[in-house]
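These notes are about the structure you will find just below.
The values are calculated or read from the model by the stated rules, or taken from the named source; none is laboratory data. Being a predicted model, the structure only gives us computed values, none of them experimental. With ideal geometry, Cβ positions are generated from the backbone for all residues, glycine too; neighbour counts draw on all protein chains shown. Remember, those area values only see protein heavy atoms, side chains included, never the ligands or the DNA or RNA. Shrake-Rupley method; radii C 1.70, N 1.55, O 1.52, S 1.80 Å.
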Amino acid sequence: MKKTALLFVLAVFLSAPAFAQTVAPVETAAKQAILVDATTGTVLYAKDADSQMPTSSMSKMMTMYMVFDAIKNGKLKMDDQLPTSEHAWKQEGSRMFLNVGQTAKVEDLIRGVIVQSGNDAAVSFAEALGSGSESAFAEMMNAKAKELGMDNSHFVNATGLPDPQHYSTARDLATLAVALIRDFPDRYHYFSETEFTYNNIKQGNRNPLLYRNMNVDGLKTGHTDVGGYGLTASAVRDGRRLVLVLNGMEDMQARADESAHVLDWGFREYGFYPIAKAGDKMADAKVWLGQAQTVPVLVSKDIALTLPRSARIGLKTAITFNQPISAPIHKGQEIGKLTVTAPGMDEKNIPLIAGANVPQLGFFARVVAKLHLLLNKA
(Lines give C-alpha, C1' and ligand atoms only; values in the text may rest on other atoms or scores of the structure.)
Protein backbone atom coordinates (compact mmCIF):
# COMPACT_ATOMS: atom_id res chain seq x y z
CA MET A 1 0.00 0.00 0.00
CA LYS A 2 1.40 3.38 -0.94
CA LYS A 3 1.83 5.73 2.00
CA THR A 4 1.66 9.48 1.76
CA ALA A 5 3.26 11.97 4.09
CA LEU A 6 0.77 14.00 6.08
CA LEU A 7 1.76 17.42 7.41
CA PHE A 8 -0.27 19.34 9.95
CA VAL A 9 0.75 22.92 10.72
CA LEU A 10 -0.34 23.41 14.32
CA ALA A 11 0.54 27.05 14.74
CA VAL A 12 2.25 29.64 12.58
CA PHE A 13 2.47 32.99 14.30
CA LEU A 14 4.36 34.56 11.42
CA SER A 15 6.60 33.17 8.74
CA ALA A 16 9.50 35.55 8.48
CA PRO A 17 12.55 34.08 6.70
CA ALA A 18 14.48 37.33 6.99
CA PHE A 19 13.58 37.82 10.63
CA ALA A 20 16.49 39.06 12.75
CA GLN A 21 16.10 38.51 16.48
CA THR A 22 17.01 41.50 18.60
CA VAL A 23 18.17 41.15 22.18
CA ALA A 24 19.55 44.13 24.01
CA PRO A 25 23.15 43.25 24.94
CA VAL A 26 24.16 42.82 28.55
CA GLU A 27 27.56 43.38 30.11
CA THR A 28 28.89 42.42 33.51
CA ALA A 29 32.06 43.10 35.44
CA ALA A 30 32.08 39.49 36.63
CA LYS A 31 34.98 37.40 35.32
CA GLN A 32 32.76 34.33 34.89
CA ALA A 33 29.01 34.28 34.41
CA ILE A 34 26.09 32.20 33.21
CA LEU A 35 22.32 32.74 33.17
CA VAL A 36 20.13 29.69 32.58
CA ASP A 37 16.39 29.07 32.28
CA ALA A 38 15.93 26.23 34.75
CA THR A 39 12.92 24.71 32.97
CA THR A 40 14.26 24.45 29.44
CA GLY A 41 17.99 24.47 30.19
CA THR A 42 18.45 27.34 27.73
CA VAL A 43 21.57 29.43 28.33
CA LEU A 44 20.61 33.08 28.02
CA TYR A 45 24.03 34.53 28.72
CA ALA A 46 27.51 33.13 29.26
CA LYS A 47 30.91 34.67 29.87
CA ASP A 48 33.86 32.30 30.35
CA ALA A 49 31.30 29.88 31.76
CA ASP A 50 33.57 26.85 31.33
CA SER A 51 36.71 28.39 32.77
CA GLN A 52 37.91 26.77 35.98
CA MET A 53 37.56 29.16 38.91
CA PRO A 54 37.75 29.18 42.71
CA THR A 55 34.22 28.74 44.01
CA SER A 56 34.68 29.90 47.61
CA SER A 57 31.57 29.27 49.72
CA MET A 58 29.45 28.51 46.66
CA SER A 59 31.05 25.07 47.09
CA LYS A 60 28.77 24.62 50.08
CA MET A 61 25.91 24.02 47.65
CA MET A 62 27.53 20.64 46.93
CA THR A 63 27.96 20.03 50.66
CA MET A 64 24.26 20.67 51.11
CA TYR A 65 23.33 18.47 48.18
CA MET A 66 25.16 15.64 49.95
CA VAL A 67 23.42 16.43 53.24
CA PHE A 68 19.95 16.60 51.70
CA ASP A 69 20.62 13.38 49.82
CA ALA A 70 21.67 11.69 53.08
CA ILE A 71 18.46 12.85 54.75
CA LYS A 72 16.41 11.62 51.81
CA ASN A 73 18.11 8.22 51.99
CA GLY A 74 17.73 7.91 55.76
CA LYS A 75 21.42 8.27 56.62
CA LEU A 76 20.72 11.47 58.54
CA LYS A 77 17.67 12.73 60.41
CA MET A 78 16.78 16.35 61.00
CA ASP A 79 16.95 15.96 64.79
CA ASP A 80 20.21 13.97 64.85
CA GLN A 81 22.91 15.53 67.03
CA LEU A 82 26.34 15.76 65.38
CA PRO A 83 29.57 16.29 67.33
CA THR A 84 31.87 19.26 66.80
CA SER A 85 35.47 18.14 66.34
CA GLU A 86 38.51 20.28 66.99
CA HIS A 87 39.13 20.32 63.24
CA ALA A 88 35.65 21.76 62.64
CA TRP A 89 35.97 24.22 65.51
CA LYS A 90 39.31 25.56 64.16
CA GLN A 91 37.95 26.43 60.72
CA GLU A 92 38.87 29.89 59.48
CA GLY A 93 36.58 32.38 57.79
CA SER A 94 32.82 32.53 58.26
CA ARG A 95 31.56 30.43 61.16
CA MET A 96 28.43 29.25 62.91
CA PHE A 97 30.37 29.48 66.20
CA LEU A 98 30.07 25.86 67.25
CA ASN A 99 31.79 24.81 70.47
CA VAL A 100 34.33 22.01 70.33
CA GLY A 101 33.17 18.84 72.04
CA GLN A 102 29.50 19.79 71.92
CA THR A 103 26.82 18.51 69.56
CA ALA A 104 24.52 20.41 67.22
CA LYS A 105 21.22 19.37 65.66
CA VAL A 106 21.24 18.63 61.93
CA GLU A 107 18.60 21.26 61.20
CA ASP A 108 20.65 23.90 63.03
CA LEU A 109 23.73 22.87 61.06
CA ILE A 110 21.78 23.20 57.80
CA ARG A 111 20.96 26.80 58.67
CA GLY A 112 24.52 27.28 59.88
CA VAL A 113 25.87 26.31 56.45
CA ILE A 114 23.25 27.99 54.25
CA VAL A 115 22.35 31.16 56.17
CA GLN A 116 25.56 31.80 58.11
CA SER A 117 27.93 30.14 55.61
CA GLY A 118 29.62 28.44 58.55
CA ASN A 119 32.79 26.59 57.65
CA ASP A 120 32.64 24.82 61.01
CA ALA A 121 29.13 23.55 60.26
CA ALA A 122 30.18 22.35 56.80
CA VAL A 123 33.07 20.37 58.26
CA SER A 124 30.79 18.85 60.90
CA PHE A 125 28.60 17.50 58.12
CA ALA A 126 31.64 16.32 56.16
CA GLU A 127 32.99 14.36 59.10
CA ALA A 128 29.58 12.86 59.88
CA LEU A 129 29.07 11.62 56.32
CA GLY A 130 32.72 10.89 55.51
CA SER A 131 33.35 8.53 58.44
CA GLY A 132 35.24 11.23 60.31
CA SER A 133 37.27 12.41 57.31
CA GLU A 134 36.68 15.64 55.39
CA SER A 135 38.88 14.35 52.55
CA ALA A 136 36.77 11.18 52.28
CA PHE A 137 33.68 13.39 52.11
CA ALA A 138 35.33 15.43 49.33
CA GLU A 139 35.75 12.25 47.29
CA MET A 140 32.04 11.60 47.79
CA MET A 141 31.37 15.14 46.55
CA ASN A 142 33.45 14.47 43.44
CA ALA A 143 31.57 11.27 42.68
CA LYS A 144 28.24 13.05 43.03
CA ALA A 145 29.48 15.93 40.86
CA LYS A 146 30.23 13.49 38.05
CA GLU A 147 26.81 11.92 38.49
CA LEU A 148 25.18 15.34 38.13
CA GLY A 149 27.17 16.16 35.00
CA MET A 150 29.58 18.60 36.64
CA ASP A 151 32.51 17.44 34.54
CA ASN A 152 34.79 20.44 35.18
CA SER A 153 34.66 20.48 38.98
CA HIS A 154 36.90 19.07 41.69
CA PHE A 155 36.45 19.39 45.44
CA VAL A 156 39.04 18.87 48.17
CA ASN A 157 37.04 20.24 51.11
CA ALA A 158 33.48 20.90 52.25
CA THR A 159 33.89 24.66 52.70
CA GLY A 160 35.36 26.16 49.54
CA LEU A 161 38.42 27.48 51.36
CA PRO A 162 41.19 28.12 48.80
CA ASP A 163 43.12 25.19 47.38
CA PRO A 164 44.65 24.94 43.89
CA GLN A 165 42.88 21.62 43.35
CA HIS A 166 39.49 22.92 44.46
CA TYR A 167 37.60 24.46 41.55
CA SER A 168 34.46 24.48 39.47
CA THR A 169 32.95 26.50 36.62
CA ALA A 170 29.99 28.84 36.33
CA ARG A 171 28.20 26.27 34.17
CA ASP A 172 28.78 23.46 36.68
CA LEU A 173 27.55 25.58 39.57
CA ALA A 174 24.38 26.39 37.61
CA THR A 175 23.91 22.66 37.01
CA LEU A 176 24.28 22.06 40.75
CA ALA A 177 21.83 24.83 41.64
CA VAL A 178 19.19 23.42 39.29
CA ALA A 179 19.74 19.95 40.77
CA LEU A 180 19.27 21.24 44.33
CA ILE A 181 16.00 22.93 43.40
CA ARG A 182 14.78 19.94 41.40
CA ASP A 183 15.81 17.10 43.72
CA PHE A 184 15.03 18.64 47.13
CA PRO A 185 12.02 20.93 46.80
CA ASP A 186 11.10 20.27 50.44
CA ARG A 187 14.51 21.52 51.66
CA TYR A 188 15.13 24.36 49.25
CA HIS A 189 13.35 26.89 51.47
CA TYR A 190 16.40 27.12 53.74
CA PHE A 191 18.19 29.07 51.01
CA SER A 192 15.66 31.91 51.30
CA GLU A 193 15.99 32.41 55.07
CA THR A 194 17.51 35.78 55.83
CA GLU A 195 18.85 35.24 59.36
CA PHE A 196 19.69 32.57 61.93
CA THR A 197 20.70 32.80 65.58
CA TYR A 198 22.92 30.20 67.20
CA ASN A 199 24.73 30.43 70.54
CA ASN A 200 23.03 33.83 70.94
CA ILE A 201 24.83 35.11 67.84
CA LYS A 202 22.52 36.34 65.08
CA GLN A 203 23.87 36.39 61.55
CA GLY A 204 22.21 37.45 58.32
CA ASN A 205 22.20 35.64 55.00
CA ARG A 206 24.91 37.11 52.78
CA ASN A 207 22.82 36.80 49.61
CA PRO A 208 22.11 40.47 48.82
CA LEU A 209 19.27 39.75 46.40
CA LEU A 210 17.12 38.24 49.15
CA TYR A 211 16.68 41.76 50.51
CA ARG A 212 15.57 43.28 47.21
CA ASN A 213 12.09 42.96 45.72
CA MET A 214 13.23 40.62 42.95
CA ASN A 215 11.55 37.27 43.77
CA VAL A 216 14.95 35.74 44.53
CA ASP A 217 14.73 32.65 46.78
CA GLY A 218 18.34 31.38 46.94
CA LEU A 219 21.10 30.19 46.71
CA LYS A 220 24.68 30.96 47.94
CA THR A 221 27.36 33.63 48.01
CA GLY A 222 31.09 33.13 48.05
CA HIS A 223 34.19 35.20 48.70
CA THR A 224 37.90 34.62 49.01
CA ASP A 225 40.83 36.85 48.12
CA VAL A 226 41.80 34.55 45.26
CA GLY A 227 38.28 34.03 43.92
CA GLY A 228 36.78 37.45 44.45
CA TYR A 229 33.09 37.93 45.19
CA GLY A 230 30.61 35.46 43.72
CA LEU A 231 26.94 34.58 43.85
CA THR A 232 24.71 31.78 42.67
CA ALA A 233 21.13 33.05 42.69
CA SER A 234 17.72 31.92 41.52
CA ALA A 235 14.52 33.85 40.99
CA VAL A 236 10.97 32.99 39.94
CA ARG A 237 8.69 35.38 38.08
CA ASP A 238 5.35 34.40 36.56
CA GLY A 239 6.13 30.74 37.21
CA ARG A 240 9.45 30.89 35.37
CA ARG A 241 12.77 30.23 37.13
CA LEU A 242 16.17 31.61 36.12
CA VAL A 243 19.46 30.54 37.68
CA LEU A 244 22.43 32.91 37.69
CA VAL A 245 26.09 32.38 38.55
CA LEU A 246 28.51 35.31 38.70
CA ASN A 247 32.04 35.19 40.08
CA GLY A 248 35.21 37.24 40.30
CA MET A 249 33.74 40.62 41.25
CA GLU A 250 35.69 43.20 43.23
CA ASP A 251 33.37 43.92 46.14
CA MET A 252 30.01 43.18 47.74
CA GLN A 253 28.28 46.12 46.08
CA ALA A 254 29.34 44.95 42.63
CA ARG A 255 28.14 41.44 43.49
CA ALA A 256 24.69 42.77 44.41
CA ASP A 257 24.30 45.25 41.56
CA GLU A 258 25.72 43.08 38.78
CA SER A 259 23.60 40.10 39.79
CA ALA A 260 20.41 42.17 39.90
CA HIS A 261 21.25 43.71 36.54
CA VAL A 262 21.80 40.39 34.74
CA LEU A 263 18.73 38.72 36.28
CA ASP A 264 16.47 41.63 35.32
CA TRP A 265 17.88 41.55 31.80
CA GLY A 266 17.09 37.84 31.46
CA PHE A 267 13.48 38.19 32.52
CA ARG A 268 13.00 41.29 30.39
CA GLU A 269 14.56 40.10 27.14
CA TYR A 270 13.52 36.44 27.10
CA GLY A 271 10.15 34.75 27.34
CA PHE A 272 9.02 31.23 28.18
CA TYR A 273 6.71 29.61 25.63
CA PRO A 274 5.04 26.25 26.33
CA ILE A 275 4.37 24.34 23.11
CA ALA A 276 2.74 21.08 24.21
CA LYS A 277 2.47 18.74 27.17
CA ALA A 278 3.22 15.04 27.25
CA GLY A 279 0.09 13.18 26.22
CA ASP A 280 -1.43 16.01 24.20
CA LYS A 281 -3.27 14.67 21.17
CA MET A 282 -1.98 16.10 17.91
CA ALA A 283 -4.05 14.14 15.38
CA ASP A 284 -5.61 10.79 14.48
CA ALA A 285 -3.62 8.65 12.05
CA LYS A 286 -5.27 6.19 9.70
CA VAL A 287 -4.46 2.53 10.33
CA TRP A 288 -3.94 -0.21 7.73
CA LEU A 289 -5.09 -3.75 8.51
CA GLY A 290 -5.89 -2.93 12.13
CA GLN A 291 -8.84 -3.62 14.40
CA ALA A 292 -9.35 0.15 14.66
CA GLN A 293 -9.47 2.54 11.74
CA THR A 294 -7.38 5.26 13.46
CA VAL A 295 -4.90 5.65 16.28
CA PRO A 296 -4.35 8.86 18.33
CA VAL A 297 -1.01 10.60 17.80
CA LEU A 298 0.37 11.98 21.07
CA VAL A 299 3.31 14.16 22.13
CA SER A 300 5.86 12.01 23.95
CA LYS A 301 7.08 14.66 26.42
CA ASP A 302 6.56 18.24 27.53
CA ILE A 303 8.08 20.81 25.23
CA ALA A 304 8.62 24.48 25.94
CA LEU A 305 11.05 27.05 24.61
CA THR A 306 12.91 30.00 26.00
CA LEU A 307 13.31 32.59 23.27
CA PRO A 308 14.00 36.27 22.85
CA ARG A 309 10.60 37.91 23.18
CA SER A 310 11.01 39.40 19.73
CA ALA A 311 11.56 35.91 18.24
CA ARG A 312 8.11 34.66 19.23
CA ILE A 313 6.53 35.99 16.05
CA GLY A 314 8.74 33.62 14.04
CA LEU A 315 7.91 30.51 16.11
CA LYS A 316 6.44 27.64 14.07
CA THR A 317 5.42 24.10 15.02
CA ALA A 318 4.38 21.23 12.76
CA ILE A 319 3.76 17.51 13.01
CA THR A 320 4.78 14.99 10.39
CA PHE A 321 3.98 11.29 10.01
CA ASN A 322 3.25 8.76 7.28
CA GLN A 323 -0.16 7.19 7.05
CA PRO A 324 -1.82 4.77 7.04
CA ILE A 325 0.22 3.07 9.73
CA SER A 326 0.38 -0.70 9.46
CA ALA A 327 -1.01 -2.71 12.37
CA PRO A 328 -0.11 -4.05 14.82
CA ILE A 329 0.60 -0.75 16.60
CA HIS A 330 1.81 -0.67 20.20
CA LYS A 331 0.94 2.11 22.63
CA GLY A 332 4.01 4.34 23.00
CA GLN A 333 5.40 3.34 19.61
CA GLU A 334 7.08 6.22 17.77
CA ILE A 335 5.04 7.08 14.69
CA GLY A 336 6.00 10.64 13.80
CA LYS A 337 7.65 13.82 14.97
CA LEU A 338 6.81 17.30 16.16
CA THR A 339 9.14 19.91 14.65
CA VAL A 340 9.64 23.32 16.26
CA THR A 341 11.51 26.15 14.57
CA ALA A 342 12.19 29.76 15.47
CA PRO A 343 14.62 32.43 14.27
CA GLY A 344 18.08 31.94 15.68
CA MET A 345 17.24 28.52 17.17
CA ASP A 346 18.30 25.08 16.02
CA GLU A 347 15.37 22.98 14.83
CA LYS A 348 13.92 20.77 17.57
CA ASN A 349 12.32 17.42 16.84
CA ILE A 350 10.20 15.65 19.44
CA PRO A 351 8.92 12.10 18.89
CA LEU A 352 5.21 11.55 18.47
CA ILE A 353 3.85 8.27 19.78
CA ALA A 354 0.80 6.06 19.38
CA GLY A 355 -1.77 6.65 22.10
CA ALA A 356 -3.33 3.16 21.96
CA ASN A 357 -2.71 -0.44 21.04
CA VAL A 358 -4.17 -1.43 17.68
CA PRO A 359 -4.06 -5.21 17.09
CA GLN A 360 -3.78 -6.54 13.58
CA LEU A 361 -6.87 -7.94 11.83
CA GLY A 362 -7.19 -11.70 11.63
CA PHE A 363 -5.83 -13.57 8.61
CA PHE A 364 -9.06 -13.76 6.64
CA ALA A 365 -10.00 -10.16 7.42
CA ARG A 366 -6.60 -9.05 6.11
CA VAL A 367 -7.12 -11.05 2.91
CA VAL A 368 -10.52 -9.42 2.41
CA ALA A 369 -9.08 -5.93 3.01
CA LYS A 370 -6.27 -6.51 0.49
CA LEU A 371 -8.69 -7.88 -2.10
CA HIS A 372 -10.93 -4.87 -1.58
CA LEU A 373 -7.98 -2.57 -2.20
CA LEU A 374 -6.99 -4.41 -5.38
CA LEU A 375 -10.57 -4.33 -6.71
CA ASN A 376 -10.81 -0.58 -6.04
CA LYS A 377 -7.57 -0.01 -7.98
CA ALA A 378 -8.76 -2.06 -10.97
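Worth a mention:
- Share of alpha-carbon pairs per 5 Å distance bin for segment 167-231, given as whole %: 4, 14, 20, 23, 23, 12, 4, 0
- Loop-located trypsin sites (Lys or Arg not before Pro) in segment 24-91 (DSSP state other than H, G, I, E, B) with a sparse environment of at most 12 neighbouring Cβ atoms within 10 Å: 77, 90.
- Global geometry of segment 281-355, whether rounded, prolate or oblate, following the gyration tensor of its Cα atoms and the 1.5 cut on a/c: prolate
- Inter-part distance where segment 213-250 and segment 268-313 are each reduced to a Cα centre, Å: 34
- With 5 Å bins beginning at zero, the pair-distance distribution over Cα atoms of segment 112-179 amounts to 4, 18, 24, 27, 22, 5, 0 %.
- Residue among 215, 142, 199 with the largest mean-square fluctuation in a Gaussian network model of the chain, springs linking Cα atoms under 10 Å: 199
- Taking a point 7 Å from the Cα of residue 301 along the Cα-to-Cβ direction, the residues of segment 329-343 with backbone N closer than 14 Å to it are 338.
- Segment 218-330 shape via C-alpha gyration tensor axes, a/c threshold 1.5: prolate
- Mean-position separation - Cα centroids, segment 35-67 and segment 118-135, in angstrom: 22
- The ratio of the alpha-carbon radius of gyration of segment 72-227 to the globular-protein estimate 2.2 N^0.38 Å is 1.01.
- DSSP assigns beta bridges within the chain; of those with both partners inside it, close to 95 percent run antiparallel.
- Label zone at residue 224, where the point sits 7 Å out along the Cα-to-Cβ direction: segment 138-162 residues whose backbone N lies under 11 Å: 155-162
- Cross-link pairs exceeding 32 Å between alpha carbons, from the set 75/301; 77/146; 47/281; 31/144: 75/301; 47/281.
- Environment charge of residue 123, counting only residues whose C-beta is closer than 12 Å and scoring Lys/Arg +1, Asp/Glu -1: -2
- Percent accessible area from carbon and sulfur atoms, the chain, protein chains only, probe 1.4 Å: 51
- At R0 = 25 Å, FRET efficiency that the Cβ-Cβ distance of residue 293 and residue 349 yields, to 0.05: 0.35
- Relative contact order computed over the chain (Cα-Cα under 8 Å; 6+ residues apart), in percent: 20
- Relative to its Kirkwood radius, the Cα radius of gyration of segment 144-275 gives an Rg/Rh of 0.96.
- D_trans [Stokes-Einstein, Kirkwood Rh over alpha-carbon pairs] for segment 85-131, 4 °C, 1.567 mPa s, µm² s⁻¹: 127
- For the chain, the equivalent ellipsoid derived from the alpha-carbon gyration tensor has semi-axes of 52, 26, 16 Å in decreasing order.
- Zone residues, segment 181-221, relative to residue 81, backbone N less than 17 Å from point 7 Å out along Cα-to-Cβ: 199
- Take the chain with all the other protein chains still there, run a 1.4 Å probe, and you get 47 Å² of accessible area per residue.
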